[in-house]
Structures are given as structure tokens and as C-alpha cells.
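Q: Sharing a structure here in C-alpha cells format.
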Amino acid sequence: MKIFKIILIVLSLLLISFMLFALVASTSFKNMFYNKNDDSLIVIIRKDNSIDYTYTKNNIISKGKININHKGIVFMAEEKKVALAKYNTKGKEMIITGIFKDNKYKSAKYRQITSIFTYMKAIF
């Protein structure tokens, strides 16, 4: 009986920790976009007066700034344009054309992460 209680407590603690992780992660889903075709992830980080991004694919990380103008979302790295994106609010996706760290994209669809399962797939 004592072993059963210990197992029940351990499983409860695991469930609570998973729920806390899911809660914290879900607050940042709206700023994450995932391309399932090549397993790459773009995270948009809003700071005080600027918007930054982090592009990750196969342990390759690229960081830069984002400018928003009448043409769409412009991704900049080292003060030069690397990609241009259009955001579709109904489909919650970005269509990207450009180059991130030697990876060329032409009309690549990055879908907004909306669930913990998609998030787990993207980071692992």
C-alpha cells in the first residue's frame, strides 16, 4: 500500500510539472512559427522599441531584427535584408521568401504554433 501511495505521488508531481510547463510555453506560442517541411522554427521576440527574431534549424541559429513596412515583414541580419514575409491572419501562417543561413526559401509556409504537441515536436 505504501508503494502505491509513493507511485501516485510521483505521477501527480509529474503531471503538475507538465501542466506548469505547458502553461508557461502556451503564453509564447503566438510568437512561434514552425515549418514542418524542413523542421525549422522562427521565434519573434518583442522588446521595448524593436522586434527581434531567432531562426533555428538543425542546431543552426540565426538572429536579427524585424522591420514591418507596407510590403510585409522584413527580416534583417547584420543590417541587410535576408527575407520578406507576408502574414496571413486567417490561416495563422507566414509565407517567407529569402535566405536564412544558406537555406533558401521561396514561398515557404511557416504555421503559427498553436498546441503543446506542435511545440514539443518543434523543439525536440
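The values are calculated or read from the model by the stated rules, or taken from the named source; none is laboratory data. Keep in mind the model is a prediction, meaning the values are calculated, not measured. Cβ placement follows ideal geometry from the backbone for every residue including glycine, while neighbour counts extend to all protein chains displayed. Calculation scope for accessible area: heavy atoms of the full protein, side chains included, ligands and nucleic acids excluded. Shrake-Rupley method; radii C 1.70, N 1.55, O 1.52, S 1.80 Å.
Q: Kindly report the accessible area of the stretch 1-110 per residue (heavy atoms of protein chains, probe 1.4 Å, no ligands, DNA or RNA), in Å².
A: On the way: 7990 Å² over 110 residues.
So the stretch 1-110 comes to 73 Å² accessible per residue, rounded to a whole number.
Q: Return one number: the angle in degrees, 0 to 90 and rounded to the nearest 10, between the long axis of the Cα atoms of helix 2-26 and the longest principal axis of the Cα atoms of the chain.
A: Value to nearest ten degrees: 20.
Q: Assuming a viscosity of 1.002 mPa s and a temperature of 20 °C, what translational diffusion coefficient in µm² per second does Stokes-Einstein assign to the stretch 47-97, Rh being the Kirkwood radius over Cα pairs?
A: Working: Rh = 11.8 Å.
Calculated translational D: 181 µm²/s.
Q: If you don't mind, another one. Among ILE73, ILE42, ILE16, which one shows the biggest mean-square fluctuation in a GNM of the chain, springs joining Cα atoms closer than 10 Å?
A: ILE16
Q: Still on this structure, please answer the following. How big is the charge dipole of the chain about its Cα centre, in debye rounded to the nearest 20, if each Lys and Arg gets +1 on its Cβ and each Asp and Glu gets -1 on its Cβ? Present the calculation step by step, with values, prior to reporting the outcome.
A: Details: 21 positive and 8 negative charges, 59 e Å.
Approximately 280 debye in magnitude.
Q: Modelled label-to-label distance, ILE7 and ALA22, 7 Å Cα→beta-carbon offset: nm?
A: The two pseudo-label positions are separated by 2.3 nm.
Q: State, to one decimal in nm², a quarter of the convex hull surface area for the C-alpha atoms of the stretch 33-76, i.e. the direction-averaged projected area. Working shown, then result.
A: Values: hull surface 14.1 nm².
Over every viewing direction, the Cα hull of the stretch 33-76 projects on average to 3.5 nm².
Q: Give the span of the stretch 63-124's Cα atoms along each principal axis, as three whole-Å numbers ordered largest to smallest.
A: The Cα atoms of the stretch 63-124 stretch 35, 27, 20 Å along the principal axes, largest first.
Q: Taking all protein chains as present, what is the carbon and sulfur share of the accessible area of the chain, in % to the nearest whole number, probe 1.4 Å? Walk me through the numbers on the way to the answer.
A: Details: 5520 of 8990 Å².
On the chain, the fraction of accessible area on carbon and sulfur atoms equals 61 percent.
Q: Still on this structure: Please list the three semi-axes, largest first and in whole Å, of the ellipsoid equivalent to the stretch 1-62, using sqrt of 5 times the eigenvalues of its alpha carbon gyration tensor. List each step's numbers first, then the result.
A: Values: eigenvalues 271, 50, 15 Å².
Listed largest to smallest, the semi-axes of the stretch 1-62 are 37, 16, 9 Å.
Q: Picking from LEU11, LEU23, LEU41, which is most flexible by a Gaussian network model of the chain using Cα springs under 10 Å?
A: LEU11
Q: Let me ask something else about it. Taking 37 °C and 0.692 mPa s as the conditions, I'd like the Stokes-Einstein D for the chain in µm²/s, using the Kirkwood hydrodynamic radius from alpha carbon pairs.
A: Values: Rh = 16.2 Å.
The Stokes-Einstein estimate is 203 µm²/s.
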